[in-house]
Amino acid sequence: MIASSELILNPDGSVYHLNLHPQDIAHDIIFVGDQDRVEKITKHFSSIEFTKQKREFKTQTGIYKGKRITVMSTGIGPDNIDIVMNELDALVNIDLETRQPKSVLTALNIVRIGTSGSLQAAIPCDSIVLSQYGLGLDNMLRSYLIDEISEKDIEEAFISQTNWDLKKGRPYVIRGSERLEKRFESDQLFKGFTGTAGGFYGPQGRVLRLGIQDPDLNSKMDHFEFKGIKMTNLEMETAAIYGLGKLLGHECLSLNAIIANRATGTFSEDPYKTVDALIVYALNKLAE
């Protein structure tokens, strides 16, 4: 039995942070970072059966083209992903009354819809990136036993090519769901490595008033390549989602609307249009 100090439940029996019961979620789930983006997705639903919010975690479940889908905001960063992924898994794979893992496990389909800046001049604003791999710079996943799921040859190549300082922790690389990739891919999508940082400023090479450990890190990441695959973008969630998803047995895919290009210094003229197009694309693929 899992102790109450480890699997914390609210007085109504819901999981602690998300404030959800097992019946509240679908098996197809869309992640967004911003809680205000949840309703930008669910406005396309024919009906909404459930709404709940606690802290930054807002959840709505409803029907789109006959398909039951849950949309959930995770907030920002790998630490929040740790909470969301573990509590979602508990909802479907742990009996919350007996506190015992179930003998038959459920695999969720989890698709992240995010916004990001491209690291490559050839990936323009208003395009969509499908993350083949998450490249984690955040250390969160290193708290788990990941040796069996991480791509060590790619990790070594990244450490070597960027002269990575291991005092910041060892980067990890996790493959996204190949099944979902086949389901969502099209000729219009760019693929590659999505870097996941543990912060927005220094960890992503931004300098305001503080100096950073490696001022050339962004340039090094721009030029990183492994067997023809390059870094496409940098954000704060994908690698953590891929890692925990693979450890827990869920299918995970990350899609990002590119609203800025850090290589060319340009920004989308209409980022809302780009995000809306990605939302409709993802919903239709899930409903197929």
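The values are calculated or read from the model by the stated rules, or taken from the named source; none is laboratory data. For clarity, every value in this text was computed on a predicted model and none was experimentally measured. All Cβ positions, glycine included, derive from the backbone under ideal geometry; neighbour counts span all protein chains shown. These area figures cover heavy atoms from the full protein model, side chains too; ligands, DNA and RNA do not enter into them. Shrake-Rupley method; radii C 1.70, N 1.55, O 1.52, S 1.80 Å.
Results, tabulated for the structure shown:
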| read-out | value |
| --- | --- |
| Taking the chain and dividing mean pair separation by its residue count, relative contact order in percent (alpha carbons under 8 Å, at least six apart) | 23 percent |
| Sulfur and carbon atoms: percent of accessible area, the stretch 177-288 [1.4 Å] | 52 percent |
| Column: log10 I(q)/I(0), Debye, Cα scatterers of the stretch 233-274, q = 0.13, 0.16, 0.20, 0.23 Å⁻¹ | -0.42, -0.56, -0.71, -0.80 |
| Rounded accessible area per residue of the stretch 64-210, 1.4 Å, Å² | 45 Å² |
| Cα gyration tensor shape of the stretch 43-149, rounded if a/c is under 1.5, else prolate or oblate by comparing a/b with b/c | oblate |
| Nonlocal amide H pairs with LEU20, under 5 Å, H built at 1.01 Å | VAL15 |
| Share antiparallel - DSSP beta bridges, the chain, percent rounded to 5 | 50 percent |
| Between helix 78-93 and the chain: long-axis angle, C-alpha atoms, 0 to 90°, nearest 10 | 30 degrees |
| Selection from LEU130, LEU166, GLN120 lying farthest towards where the dipole of the stretch 89-196 points positive, charges on Cβ | LEU166 |
| The stretch 4-125: relative contact order in percent, alpha carbon pairs under 8 Å with at least 6 residues between | 27 percent |
| In degrees, nearest ten, helix 238-248 long axis to first principal axis of the chain (Cα) | 50 degrees |
| Set LYS40/LYS65; LYS58/LYS230; LYS102/LYS182; LYS182/LYS220 screened for pairs whose C-alpha atoms are more than 24 Å apart | LYS58/LYS230; LYS102/LYS182; LYS182/LYS220 |
| At 1.567 mPa s and 4 °C, Stokes diffusion of the stretch 90-247 via Kirkwood alpha-carbon radius, µm² per second | 77 µm²/s |
| Kirkwood hydrodynamic radius over Cα pairs of the chain, then Stokes diffusion coefficient at 25 °C and 0.890 mPa s, in µm²/s | 126 µm²/s |
